[in-house]
């Protein structure tokens, strides 16, 4: 990174961090199951890094793909709204 800050994977985290992130992970899981792309993206990131949950690249990829699909639907919906209002 240009700022000289360590990338997230290199940052040292303590047990309290993992405990707090585990609570967030459970919340993200709830909303990811309901189809919220931001929750799916964040949950994927937590699984990729093993923060507050087990490190699991298969789960990370699954959640990233879900987030991408949901975001694509959101983009399509907003694009249609924009076109309808600019007519």
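Where a number appears in this text, it was derived from the coordinates with a stated rule and is not lab data. This structure is a prediction, so every number in the text was calculated from the model and none was measured. Glycine gets a Cβ as well: all are built from the backbone with ideal geometry, and neighbour counts include every protein chain shown.
Sorting 28, 17 on the 10 Å Cβ count, fewest up front, what's the list?
17, 28
Expressed in nm to one decimal, what extension gain is obtained for the pair residue 34 and residue 22 from 0.36 nm per residue of sequence separation less their Cα-Cα distance?
This chain segment gains 2.4 nm when fully extended.
Report the extension gain between residue 45 and residue 87 in nm, rounded to one decimal, defined as 0.36 nm multiplied by the number of residues separating them, less their alpha carbon distance.
Full-extension gain reported as 11.2 nm.
Per DSSP helix of 4 or more residues, -39500 (n - 2.57); summed, then divided by the residues of the chain. What does that give at 222 nm, rounded to the nearest 500?
-24000 deg cm²/dmol
For Kirkwood radius over Cα pairs in Å, the choices are (i) 14.4; (ii) 13.3; (iii) 16.2; which was calculated from the structure?
(i)
Report the equivalent ellipsoid semi-axes for the range 37-87 in whole Å, largest first, defined as the square roots of five times the eigenvalues of the gyration tensor built from alpha carbon atoms.
32, 8, 5
Given a cut-off of under 8 Å on Cα pairs at least six residues apart, what relative contact order in percent is computed for the range 37-87?
That works out to 35 percent.
Specify the angular offset, from 0 to 90 degrees and rounded to the nearest 10, of the alpha carbon long axis of helix 15-33 from the longest principal axis of the alpha carbons in the chain.
Once rounded, the angle reads 30 degrees.
Cα axis of helix 37-49 to longest principal axis of the chain: angle in degrees, 0 to 90, nearest 10?
30 degrees
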